[in-house]
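So the structure is just underneath, and the comments pick up after that.
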Amino acid sequence: MQIKKVCLLREYKNNKLIIFIVAGELSGDNLGEGLLKHLKSITNNNIEIYGVGGEKMIFQGLKPIFDIKNLSIMGIFEVITKIPKILKLLAFTKRKIIEINPDLVITIDAPGFNFRLQKSIKELNLKRVHYVAPSVWAWKRYRAKKISKFLDHLFVLYPFEKKYFTVHGLNTTFTGHPIAFDKRYDHNNYYIEPSLKNKSILKIGILPGSRLNEIKKLLPIFIKSAILIKNNYDEVKFYILAAKGFKTKIINLFADTDLEYYITDNQSEKFNLFSSFDFALCASGTVTIELAKAGTPMLVLYKLNYITWYIVKNLAKVKTATILNILLKENFIPELFQDEVNKENIFMITKSYIDDNYIRQSQIKKLSKGISKLKSLHGDPSNIVAKEILKLL
């Protein structure tokens with residue numbers, strides 16, 4: 001490993017590496033942070049970074065061209081209403097790429113925006129890679145062939161994804177998921193909310209997502225469910241991890257309740273929070289893998305615009321929205337969709353996990369098994385991606 005690093009350092013000793021990177025949302029910002037750390041290390045910090053990312057990527061040296069929140073859009077109907085804005089951002093981003101003239105364009109997740117961007121710069125003399133495969137195994141499998149025509153390399157998080165792209169001649173690397181390797185859920189020096197140490201308190205996590213439309217749809221129902229839970233248990237406290245910029249909005253929604261809760265938007269607190277919950281209510285997404293890594297049983301809620309849901313329901317080839325269910329080929333993590341997302345259903349499922357230790361432990365064991373399947377034999381995913389990128393160059 002050391003020999004490879006020395007060779008790469010020699011390669012970039014005199015030539016600064018210029019990269020343009022676009023992450024579409026907060027989960028992409030987490031992946032981008034790790035990747036940028038390793039790219040900086042391998043090139044001895046002889047690197048310039050431009051593009052779109054969140055706070056973590058900016059801390060690693062990214063010079064942003066616009067705010068990442070502009071790309072945090074979920075759902076088909078929601079995207080349609082934002083098309084004029086998206087087209088302007090696409091044109092602006094392409095102009096910046098031409099102006100900066102990077103060695104490489106890296107896009108992370110957000111295929112709706114990022115694949116249009118990658119396709120639009122196909123004729124430019126630069127390398128194009130994408131991190132996080134689109135869910136072709138769930139629906140629109142023809143996309144695998146399409147993206148193979150404008151990408152040089154694809155990095156996939158899940159072991160079953162690679163075959164969908166290599167068959168079309170696209171260089172594809174299974175990296176594993178960085179969360180599966182994260183040791184901070186067991187040991188860290190971050191702040192611990194004192195009530196987390198109180199074993200007599202029932203601790204319920206409320207995680208409504210990082211997008212505004214998710215929060216608007218799910219949080220009011222979560223609050224109604226929390227009231228039901230409170231009315232049925234003596235000592236219960238609710239814990240909310242808010243995405244940056246949404247803390248005040250969430251506090252306002254809790255204002256008319258007498259619920260005992262703790263809220264933070266400090267993302268470093270999540271490791272101790274997630275590891276302390278007795279149960280969690282969460283939106284579908286990366287948070288399910290984070291909770292699994294923390295060994296916390298959960299209920300996943302999924303609520304879209306009705307037009308978007310109708311399309312997804314009729315085109316999807318899988319009957320679960322949770323990746324760990326897909327990995328283990330078993331719907332062991334309970335899910336509620338659309339009209340099923342109501343306070344009565346949420347309360348009944350939550351109650352079953354609180355009252356029955358066998359059900360709790362059964363999910364916890366399977367969460368651990370699922371996390372083990374998210375590990376590549378080649379070690380840290382961010383390091384794998386960084387080294388493959390520099391080989392490509």
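Name the single residue, out of those in region 162-197 being β-branched (Val, Ile, Thr) and surrounded by fewer than 17 Cβ atoms within 10 Å (Cβ to Cβ), that is farthest from Glu388 (Cα to Cα).
Among residues in region 162-197 that are β-branched (Val, Ile, Thr) and surrounded by fewer than 17 Cβ atoms within 10 Å (Cβ to Cβ), the one farthest from Glu388 (Cα to Cα) is Ile192.
Given the conditions (1) farther than 26 Å from Tyr302 by Cβ; (2) in contact (Cβ under 8 Å) with a residue 40 or more places away in the chain; (3) touching a Phe, Trp or Tyr at 6+ places or on another chain (Cβ under 9 Å), report the number of the one that Tyr185 does not fulfil.
Among (1) farther than 26 Å from Tyr302 by Cβ; (2) in contact (Cβ under 8 Å) with a residue 40 or more places away in the chain; (3) touching a Phe, Trp or Tyr at 6+ places or on another chain (Cβ under 9 Å), the lone unmet condition for Tyr185 is (1).
When the residues of region 198-211 are narrowed to those that are at pLDDT below 95 and in contact with a helix residue (DSSP H, G or I) (Cβ under 8 Å, 6 or more places away or on another chain), which ends up surrounded by the most Cβ atoms within 10 Å (Cβ to Cβ)?
Filtering first and then ranking leaves Pro208.
Could you check how many residues of region 365-386 are surrounded by fewer than 19 Cβ atoms within 10 Å (Cβ to Cβ), part of a helix (DSSP H, G or I) and over 19 Å from the mean Cα position of the chain (by Cα)?
Matching residues across region 365-386 total 2.
Answer yes if at least one residue in region 261-279 is hydrophobic (A, V, I, L, M, F, W, C) and free of Cβ contacts under 8 Å to residues at least 60 places away in the same chain, and no otherwise. Full working, then the answer.
We begin by selecting, within region 261-279, every residue hydrophobic (A, V, I, L, M, F, W, C); these are 263, 271, 273-274, 277, 279.
Pick out the ones that are also free of Cβ contacts under 8 Å to residues at least 60 places away in the same chain and you get 263.
Yes, region 261-279 has at least one match.
With the requirement that a residue be part of a helix (DSSP H, G or I) and surrounded by fewer than 20 Cβ atoms within 10 Å (Cβ to Cβ), what does region 118-137 give you?
Here is the first cut: in region 118-137, the residues part of a helix (DSSP H, G or I) are 118-120.
Within region 118-137, Lys119, Ser120 qualify.
With respect to Phe150, determine if the residue is of a type outside the set (D, E, K, R), surrounded by fewer than 19 Cβ atoms within 10 Å (Cβ to Cβ) and farther than 24 Å from Ile289 by Cα. Give the steps one after another, and end with the answer.
Working: of a type outside the set (D, E, K, R): yes; surrounded by fewer than 19 Cβ atoms within 10 Å (Cβ to Cβ): yes; farther than 24 Å from Ile289 by Cα: yes.
Yes.
Taking the criterion of being closer than 19 Å to Ser210 by Cα and surrounded by fewer than 22 Cβ atoms within 10 Å (Cβ to Cβ), would at least one residue in region 38-57 satisfy it? Steps first, please.
Within region 38-57, the subset closer than 19 Å to Ser210 by Cα is 52-57.
Okay, now just the ones that are also surrounded by fewer than 22 Cβ atoms within 10 Å (Cβ to Cβ), so 55-56.
Yes.
The values are calculated or read from the model by the stated rules, or taken from the named source; none is laboratory data. Here the structure is a predicted model, which is why all the values come from computation and not from measurement. All Cβ positions, glycine included, derive from the backbone under ideal geometry; neighbour counts span all protein chains shown.
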